[in-house]
Amino acid sequence: MECLSGQAAFQGIAIGKIVEVKKEDRLIRREHIEDVEKEKQRFFNAQKEASTQLGALYEKAAREVGEANAAIFEVHQMMLEDDDYVDSVLNIIETQSINAEYAIAATGDNFSQMFASMDDAYMKERAADVKDISERLIKILDNKEQKNENFSENTIIVADDLAPSETVQLDKEKVIAFVTRHGSTNSHTAILARTMNIPAIVNVPVPEGIDSRPAVVNGYDGTVVIDPDENILKLAGKLKEKEIEKRNLLAEYKGKPTVTKSGREIKLYANIGGLDDIGAVKQNDAAGIGLFRSEFLYLQEKDYPSEEKQFRAYKQVAEMMAGKKVIIRTLDIGADKQIDYFNLEKEENPALGYRAVRICLTREEIFKVQLRALYRASVFGNISIMVPMIISLWEVEKVKEIIKEVQEELASDGIPFKEVEFGIMIETPAAVMIADELAKNVDFFSIGTNDLTQYTLAIDRQNPNLTMFNDTHHPALLKMIQQVIDAAHEGGIWAGICGELGADMELTERFIEMGIDELSVSPAMILPLRKRICEI
Ligand code: PEP
Ligand code: MG
C-alpha cells in the first residue's frame, strides 16, 4: 500500500483501477520487437496516414492563406517520402529489432542535427521540419494505440498532465477520477473533472509503472492510495455512501427557485463542455446553461467541424433545454487549448497570445461557419451568443459587423434565424476598465474569473508552483467584479460570473451583496449553491 498526496482540484471519492495515460511528448520508449516486417508495415501505414493529413492541410491552408504559405505542407509530404529518411527508419527497425516509434524518433533527431549544422539558411530551417514530420508519425502510431485502449469500468486516469485535447478523447462513461503529476487546480483538466463531477488531484508524485493497480482517490483531502488494504477500502466505501446521502439530501432543492430569504432571485446556470454534459445539467436542475465552451466541439475533431455538424450540436442543446437559456461561447482556442489542425504557431506566452476572439477576427472564415451554425440553431430554442477575451470596443463592433454579414447571408439563402442576446466575457483587466463603454454595446456580461484572475494577478493559471500567490479572493479581483456589475447595471444590462469563483460559497453572500444577477457553475455545484443562496 502506498499513500501519496497532492492538491485536491475537485472533491469526491473514487475506488477503481489506474490507467496511465502517456503524454504526447513523452520519452519514446525503446522496445524490442520480434516481428520486423510487421513493425515496418506499422511505419508504412503511419506514413500513408501522415501523407493524407498533410494533403488535407495543404488544401485547407491554400484556401485560407494562399498557395505560397501552404507550400510547407508539400515540403513535409516530400520529406516523408524521402528515400534517405525512409531507409534510415527501416534500417534502424531491422538492424536493432526495435519499435517504429523509436526508429522514427532517432531518425528525426539525426536528420535534424545534420540539417541544423549546415551552412545554408534554407537547409537549417529544414531541421524543424524533419522533427515535425517525425512527431506527426509518432503521434499517428500513438493515437492508434490509444484508440484501441479500452478503458474498463471505474478507470482512474493517471498522467503527467492532461491537455484539453487529450481529455476530450477519454471515454467519460468509464473514467471516475483524474490524478496528475503536474497541473494546477485551475487548469482545464480540473474544470473538466468538475463538469464530470469526479474527483481530481493534481501535483501528486505518482511513480511510473503503476498501470492496472487498484487505487482509492480522495478528492476531499487530496490523497491517492495505491494498492489499498481492506481498511482503506472500507473507509472509502463509507465516505462514498456519505456522499450519496448528501446528494440525496440536496435533491430536495430540485425544482425550487434560487431565491434568497430577502426575495432576490439569482439565475443559477450550468457550465458545459458538450452535449454529454446536458444530462447532468438536467439532473441537477440548472435554470439554463451559462457557458457552453464550444471549443470542446472542435477539440473532439480531427478537422474543423462543419457548419452542419455544429448546427446539429447547437440545435440539440437548445432543444434539450426546452426554452431555457443556453449561452454558447464562441470559439476559445489557443493558450492551453491547442488543436493540431489550427496549425497555430508555437508561442513564447500562449496565454497572452493568439487565442479566442483574436483568432476569430483574423480567420473570419472559421468564425463565420460557427456563427452561421449558431444563428441557424437559434430558432430551435433560447440561444445567446457570448464572445471571450474581449479587450477593446472595436472587437465587439467588428464581431457585430460579422454577425450582420452572416445574418444577411442567411436571409438571402432563405434560412430562418432569430435575433439572440449578445454578450461578452469580462476576463481581462482592460475589459473591466472600459466596462461602462462595453455595456452600451452588448446585452450582458459574464465574468470569466479564471482568466481575469490570471491576468490581474499575473499568475499563469497552468503553473502549479504559484499556488501560494494565487489569492482567488484578492481585493483587486473583488473590486473589479464590483466595478463590472455596477457598469452593467448603469448600462441597463445584467452581469454574471461563469468562472470557477462563481461556485466559491465563501463568496456567495458577497456576490449577492455586490448585485450579481447570474452564477454559472459546474452542474454538480448547482444544488449545493442553490441551498446556500436560499439560506442567505
Ligand atoms: C474563465 O476564464 O473564467 C472562463 C470561464 O473561461 P475558461 O476557463 O474556459 O478560460
Ligand atoms: Mg477564459
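Answer yes or no as to whether Lys17 is within 26 Å of the chain's Cα centre (by Cα), open to solvent by 90 Å² or more (accessible area, probe 1.4 Å) and modelled with pLDDT of 90 or more.
Here the answer is yes, as Lys17 does meet what is asked.
For the range 309-357, give me each residue that is within 12 Å of ligand 1 (Cβ to nearest atom), assigned to a strand (DSSP E or B) and not basic (Lys, Arg).
Once the filter is applied, which keeps residues that are within 12 Å of ligand 1 (Cβ to nearest atom), assigned to a strand (DSSP E or B) and not basic (Lys, Arg), the range 309-357 yields Ile327, Gly334.
Please pick out the residue among Ile390, Ile424, Ile383, Ile366 that is assigned to a helix (DSSP H, G or I) and either under 22 Å from the mean Cα position of the chain (by Cα) or of a type in the set (Val, Ile, Thr) (or both). Working first, answer last.
Details: Ile390 fails: assigned to a helix (DSSP H, G or I); Ile424 fails: assigned to a helix (DSSP H, G or I); Ile383 fails: assigned to a helix (DSSP H, G or I).
Going through Ile390, Ile424, Ile383, Ile366 in turn, just one is assigned to a helix (DSSP H, G or I) and either under 22 Å from the mean Cα position of the chain (by Cα) or of a type in the set (Val, Ile, Thr) (or both): Ile366.
On the given criteria, is Glu405 open to solvent by 40 Å² or more (accessible area, probe 1.4 Å) and under 24 Å from the mean Cα position of the chain (by Cα)? Please lay out each step first, then the result.
Values: open to solvent by 40 Å² or more (accessible area, probe 1.4 Å): yes; under 24 Å from the mean Cα position of the chain (by Cα): no.
Considered against the rule, which asks whether it is open to solvent by 40 Å² or more (accessible area, probe 1.4 Å) and under 24 Å from the mean Cα position of the chain (by Cα), Glu405 comes out as no.
What are the residues in the range 269-283 that are open to solvent by less than 10 Å² (accessible area, probe 1.4 Å), under 17 Å from Thr258 (Cβ atoms) and outside any strand (DSSP E or B), if any?
Scanning the range 269-283 gives a single hit, Val281.
Can you give me the number of residues within the range 449-465 that are in contact (Cβ under 8 Å) with a residue 24 or more places away in the chain and either more than 10 Å from ligand 1 (Cβ to nearest atom) or in contact with a Cys (Cβ under 6 Å, 6 or more places away or on another chain) (or both)?
Taking the range 449-465 first, the residues in contact (Cβ under 8 Å) with a residue 24 or more places away in the chain are 449-456, 460-464.
Narrowing further to those that are either more than 10 Å from ligand 1 (Cβ to nearest atom) or in contact with a Cys (Cβ under 6 Å, 6 or more places away or on another chain) (or both): 456, 460, 462-464.
The total comes to 5.
Among Leu54, Leu80, which is in contact with a Phe, Trp or Tyr (Cβ under 6 Å, 6 or more places away or on another chain) and either open to solvent by 30 Å² or more (accessible area, probe 1.4 Å) or of a type in the set (A, V, I, L, M) (or both)? Working first, answer last.
Details: Leu80 fails: in contact with a Phe, Trp or Tyr (Cβ under 6 Å, 6 or more places away or on another chain).
The conditions single out Leu54.
For Asp471, state whether it is touching a strand residue (DSSP E or B) at 6+ places or on another chain (Cβ under 8 Å) and open to solvent by 30 Å² or more (accessible area, probe 1.4 Å). It would help to see each step written out before you state the result.
Numbers: touching a strand residue (DSSP E or B) at 6+ places or on another chain (Cβ under 8 Å): no; open to solvent by 30 Å² or more (accessible area, probe 1.4 Å): yes.
The answer is no for Asp471.
Inside the range 34-43, can you point out the residues that are loosely packed, with under 14 Cβ neighbours inside 10 Å and part of a helix (DSSP H, G or I)? Please lay out each step first, then the result.
Kept after step one, since they are loosely packed, with under 14 Cβ neighbours inside 10 Å, are these residues of the range 34-43: 34-35, 37-38, 41.
Hits for the range 34-43 are Glu37, Lys38, Gln41.
For the subset of the range 492-513 comprising residues that are open to solvent by 30 Å² or more (accessible area, probe 1.4 Å) and part of a loop (DSSP other than H, G, I, E, B), which member is farthest from ligand 2 (Cβ to nearest atom)?
Step by step, filter the range 492-513, then rank; the result is Gly492.
Among the residues of the range 96-117, how many are of a type in the set (A, V, I, L, M), within 17 Å of Asp35 (Cβ to Cβ) and buried (at least 21 other Cβ atoms within 10 Å of the Cβ)? Walk me through it before giving the result.
Filtering the range 96-117 for residues of a type in the set (A, V, I, L, M) gives 98, 100, 103-106, 114, 116.
Next, only the ones that are within 17 Å of Asp35 (Cβ to Cβ) stay: 98, 100, 103.
Subset that is buried (at least 21 other Cβ atoms within 10 Å of the Cβ): 100, 103.
Count: 2.
Given the residues Ile434, Ile424, Ile402, Ile447, which is the only one that is away from ligand 2 (no atom under 14 Å from the Cβ), of a type in the set (A, V, I, L, M, F, W, C) and under 29 Å from Glu319 (Cβ atoms)? Step through it out loud before you land on a result.
Details: Ile434 fails: under 29 Å from Glu319 (Cβ atoms); Ile424 fails: away from ligand 2 (no atom under 14 Å from the Cβ); Ile447 fails: away from ligand 2 (no atom under 14 Å from the Cβ).
Within the list Ile434, Ile424, Ile402, Ile447, the selection yields Ile402.
Within the range 202-231, which residues are of a type in the set (D, E, K, R) and either part of a helix (DSSP H, G or I) or open to solvent by less than 40 Å² (accessible area, probe 1.4 Å) (or both)? Please lay out each step first, then the result.
Step one: filter the range 202-231 for residues of a type in the set (D, E, K, R), giving 208, 211, 213, 221, 227, 229-230.
The answer is Glu230, and nothing else.
When you scan the range 87-116, how many residues do you find that are touching a Lys or Arg at 6+ places or on another chain (Cβ under 8 Å) and among the aliphatic types (A, V, I, L, M)?
Looking only at that region, the number is 5.
Consider Asn69 against the criteria (1) open to solvent by 60 Å² or more (accessible area, probe 1.4 Å); (2) at pLDDT 90 or above; (3) more than 30 Å from Phe151 (Cα to Cα): it satisfies all of them except one. Which criterion is unmet?
(2)
So, Asn349, is that one open to solvent by 10 Å² or more (accessible area, probe 1.4 Å) and within 26 Å of His188 (Cα to Cα) or not? Before the answer, list the steps.
On the way: open to solvent by 10 Å² or more (accessible area, probe 1.4 Å): yes; within 26 Å of His188 (Cα to Cα): yes.
So Asn349 passes the test.
Tell me which residues, restricted to the range 234-268, are surrounded by 15 or more Cβ atoms within 10 Å (Cβ to Cβ) and among the small types (Gly, Ala, Ser).
Ala236, the sole residue that qualifies.
With the requirement that a residue be in contact with a Gly (Cβ under 7 Å, 6 or more places away or on another chain) and surrounded by 15 or more Cβ atoms within 10 Å (Cβ to Cβ), what does the range 287-321 give you? Outline the logic, then answer.
Taking the range 287-321 and keeping what is in contact with a Gly (Cβ under 7 Å, 6 or more places away or on another chain), we get 290, 293, 296-297, 318-319, 321.
Within the range 287-321, Gly290, Arg293, Phe296, Leu297, Ala318, Met321 qualify.
The values are calculated or read from the model by the stated rules, or taken from the named source; none is laboratory data. Bear in mind that the values here come from a model prediction, so they are computed numbers and not experimental data. Every residue, glycine as well, gets a Cβ built from its backbone with ideal geometry; the counts of neighbours run over all protein chains shown. Protein only, heavy atoms only, side chains kept; ligands, DNA and RNA dropped before computing areas. Shrake-Rupley method; radii C 1.70, N 1.55, O 1.52, S 1.80 Å.
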